[in-house]
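The values are calculated or read from the model by the stated rules, or taken from the named source; none is laboratory data. What you are looking at is a predicted structure, and each value in this text was computed from that prediction instead of being measured. Note that each Cβ is placed from the backbone with ideal geometry, even for glycine, and that neighbours are counted across all protein chains shown.
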């Protein structure tokens, strides 16, 4: 039963053919078998999950489900508060932190909908890296090939979904942190438009989004976590729980394989992106290449911007433990320690210019197709594709957090043992259209998730 999607589980609950108790036991057993290998989950709360499943089963038998996800197992990223679970943000310095006392807005929506949050998922220190390494959690491994990285920072979420330890996960995305694990692990991910999913604490850089194995499950999960919350700044949205595929006839689609800075898409990755673009063309879209939108590099400016923010969080760690983070994080924080305010403001200004150019590029098209990152993958223990500049591989993802524009990832093939994800980007508030386009692509390619053999 751990293989079933959330949509399939709910159909089985409704018909009485599937028991939420049997499902949670199956998922927990799968987690017991694989988590020692993959290191994707922590705070697994078995007794509480089974008790909640028993209650869910009684509600379904009475024909009174609690909500649209009643009895569906789910996992939540370390950095998202869930009452009774500990939030380390991947940092060893927080080893003795007490459990959270309240649910963050997206976790609250899951619980209200009846989902069973039975564990939290691993992440790198402070979400600073696009990789599955952490001073507290250790190395999280890719279920397709345990020598490879899961991507980050929603590292454990990607590995858990891909391996069948849960059907639903919510992660957060600051520079690619939902989309990178989706690409690395061969699953579906969505970075929604900024403001669509309320969250706390508020950040202009971060959004919360789903990681699932099917587009239908991503739509269902978005329809739950986009609900409003009086505590949060973001307004939320109203995404339906089911959508029809999109008629792509006449849609204007651009293919982006070079940002004008950083590494271009490697040939094997570019070939898969272009193959995916040909599917959209066969469905009636007008497909053309996009000229590189930038004539300068934003990567160093981005590094300065996020390193200063990481340095601020490091300074807030318990006294005497401020250096109890990964060496690579310390090095990046140290590199901007005490920089002049003028240097920081100039970096932020150039970073802002890159964002505006990226936004203008996307708004010329109905959709932009791009790689999620230039290369297929890198080693499991690495902090990035280039460990001296561990954030450079987010060149195709990071700007769309700053512009606030939505972007989804769909699996589009493999290079060797590594999955590769196609990034589908659109203009602000076109989350529904992106999800519909994902449905169209999935149907046209007969997409069906096949589980890896974890060894």
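Of the residues 362, 395, 415, only one is touching a strand residue (DSSP E or B) at 6+ places or on another chain (Cβ under 6 Å) and surrounded by 15 or more Cβ atoms within 10 Å (Cβ to Cβ); which?
Going through 362, 395, 415 in turn, the sole match is 362.
Please find, within the range 1-25, the residue that is farthest from residue 75 (Cα to Cα) out of those that are touching a residue at least 40 places away in the same chain (Cβ under 8 Å) and not in a helix (DSSP H, G or I).
Here the answer is 16.
Restricting attention to the range 36-70, report how many residues are surrounded by fewer than 22 Cβ atoms within 10 Å (Cβ to Cβ), over 24 Å from the mean Cα position of the chain (by Cα) and in a helix (DSSP H, G or I).
So the count comes out to 11.
Condition (residue is in a loop (DSSP other than H, G, I, E, B) and within 25 Å of residue 87 (Cβ to Cβ)) applied to the range 290-302: is it met by at least one residue?
From the range 290-302, those in a loop (DSSP other than H, G, I, E, B) are 290-298; that's our starting set.
Narrowing the set further to residues that are within 25 Å of residue 87 (Cβ to Cβ) leaves none.
Scanning the range 290-302 turns up no residue that is in a loop (DSSP other than H, G, I, E, B) and within 25 Å of residue 87 (Cβ to Cβ).
Considering every residue within the range 89-105, establish whether at least one is touching a strand residue (DSSP E or B) at 6+ places or on another chain (Cβ under 8 Å), under 14 Å from residue 41 (Cα atoms) and modelled with pLDDT of 95 or more.
yes
On the given criteria, is residue 264 outside any strand (DSSP E or B), modelled with pLDDT of 95 or more and over 30 Å from residue 170 (Cβ atoms)? Even if it seems obvious, please write down each step before you answer.
On the way: outside any strand (DSSP E or B): yes; modelled with pLDDT of 95 or more: yes; over 30 Å from residue 170 (Cβ atoms): yes.
Yes; evaluated as a whole, the condition is true for this residue.
Is one or more of the residues making up the range 343-355 touching a strand residue (DSSP E or B) at 6+ places or on another chain (Cβ under 8 Å), part of a helix (DSSP H, G or I) and crowded, with 21+ Cβ neighbours inside 10 Å?
No: the range 343-355 contains no residue that is touching a strand residue (DSSP E or B) at 6+ places or on another chain (Cβ under 8 Å), part of a helix (DSSP H, G or I) and crowded, with 21+ Cβ neighbours inside 10 Å.
Starting from the range 253-281, take each residue that is closer than 12 Å to residue 420 by Cα and list its partners that are at pLDDT 95 or above and assigned to a helix (DSSP H, G or I), counting only C-beta distances under 8 angstrom and pairs at least six apart or across chains.
265/273; 276/441
Could you tell me how many of the residues in the range 126-155 are in a loop (DSSP other than H, G, I, E, B), in contact with a strand residue (DSSP E or B) (Cβ under 7 Å, 6 or more places away or on another chain) and more than 17 Å from residue 401 (Cα to Cα)? Before the answer, list the steps.
Keep residues of the range 126-155 that are in a loop (DSSP other than H, G, I, E, B), which gives 128-132, 135-137, 140-141, 143-144, 146-147, 149-154.
Applying the additional criterion that residues be in contact with a strand residue (DSSP E or B) (Cβ under 7 Å, 6 or more places away or on another chain) yields 132, 137, 144, 147, 149-150, 154.
From what's left, more than 17 Å from residue 401 (Cα to Cα): 132, 137, 144, 147, 149-150.
Here the count works out to 6.
Consider residue 414 against the criteria (1) assigned to a strand (DSSP E or B); (2) touching a helix residue (DSSP H, G or I) at 6+ places or on another chain (Cβ under 8 Å); (3) under 27 Å from residue 142 (Cα atoms): it satisfies all of them except one. Which criterion is unmet?
For residue 414, the exception is condition (2).
In the set 380, 370, 408, which member is in contact with a strand residue (DSSP E or B) (Cβ under 8 Å, 6 or more places away or on another chain) and surrounded by fewer than 22 Cβ atoms within 10 Å (Cβ to Cβ)?
380
May I ask you to say which residue of 379, 421 is under 16 Å from the mean Cα position of the chain (by Cα) and touching a residue at least 60 places away in the same chain (Cβ under 8 Å)?
Details: 379 fails: under 16 Å from the mean Cα position of the chain (by Cα).
421 is the lone residue from the list that is under 16 Å from the mean Cα position of the chain (by Cα) and touching a residue at least 60 places away in the same chain (Cβ under 8 Å).
Does the range 26-35 include one or more residues that are within 18 Å of residue 113 (Cβ to Cβ), assigned to a helix (DSSP H, G or I) and in contact (Cβ under 8 Å) with a residue 40 or more places away in the chain?
yes
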